[in-house]
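Undergrad: Attaching a single structure in structure tokens format; questions to follow.
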């Protein structure tokens, strides 16, 4: 289908752009203040039920059934800017990069997709992620951010340099055959 192919190509282009920007970003981030995190993956919610720290979301396609899914939402305590990599660690999430690009590209989140897990391609074939290079254009993790009170958008930096402020949200979204194309919440 042209729409699905266009979305997959657009998503791939955005992923490549994010990779390029992350590779060019200074290792200390863009802020002069060093990000810090108050270590607690169970930050209190505000009176209106919103996360008072940084909300970390992991989303998978609804029809993708994996053992021990990392999907869910965690509120990570943060009273100052925090690096995305630190927020993920505080939320109990472990990412794996690729052999070629290291941690600049997310290949697995808490082991998903496992190397022996068959990902169904639209053409009916099975694909197994090896994490050697860029993931397949139809089966990949993307990184999204949402500023407090804002809208979701592709992250413009990688996990190692992306800073999040209290009230911001971070999502790791696994897209398979164009679904989901963007965060659902």
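Undergrad: Per residue Cα convex hull volume for segment 68-147, in cubic angstrom? Present the calculation step by step, with values, prior to reporting the outcome.
TA: On the way: hull volume 9.1 nm³, N = 80.
Spread over its residues, the Cα hull of segment 68-147 gives 114 Å³ apiece.
Undergrad: What ranking do 174, 128, 138, 117 get, fewest neighbouring Cβ atoms within 10 angstrom at the top?
TA: Numbers: 174 26, 128 13, 138 20, 117 17.
Fewest-to-most Cβ neighbours within 10 Å comes out as 128, 117, 138, 174.
Undergrad: Let me ask something else about it. Per 0.36 nm of contour for each residue apart, how much would the distance between residue 165 and residue 79 grow if the chain were fully extended, relative to their Cα-Cα spacing? Provide the component values of the computation, followed by the final result.
TA: Values: separation 86, 0.36 × 86 = 30.96 nm, distance 0.79 nm.
Separation in residues times 0.36 nm, less the Cα-Cα distance, equals 30.2 nm.
Undergrad: What list do you get for 133, 169 if you sort them by fewest beta carbons within 10 Å?
TA: Numbers: 133 11, 169 23.
So the ranking, lowest neighbour count to highest, is 133, 169.
Undergrad: Kindly put 96, 55, 50 in sequence by how many other C-beta atoms sit within 10 Å of each C-beta, fewest to most. Kindly include the intermediate steps, with their values, before the conclusion.
TA: On the way: 96 16, 55 25, 50 13.
Ranking 96, 55, 50 by Cβ neighbours within 10 Å, fewest first, gives 50, 96, 55.
Where a number appears in this text, it was derived from the coordinates with a stated rule and is not lab data. Fair warning: this is a prediction, and the values are worked out from it, not measured in the lab. With ideal geometry, Cβ positions are generated from the backbone for all residues, glycine too; neighbour counts draw on all protein chains shown.
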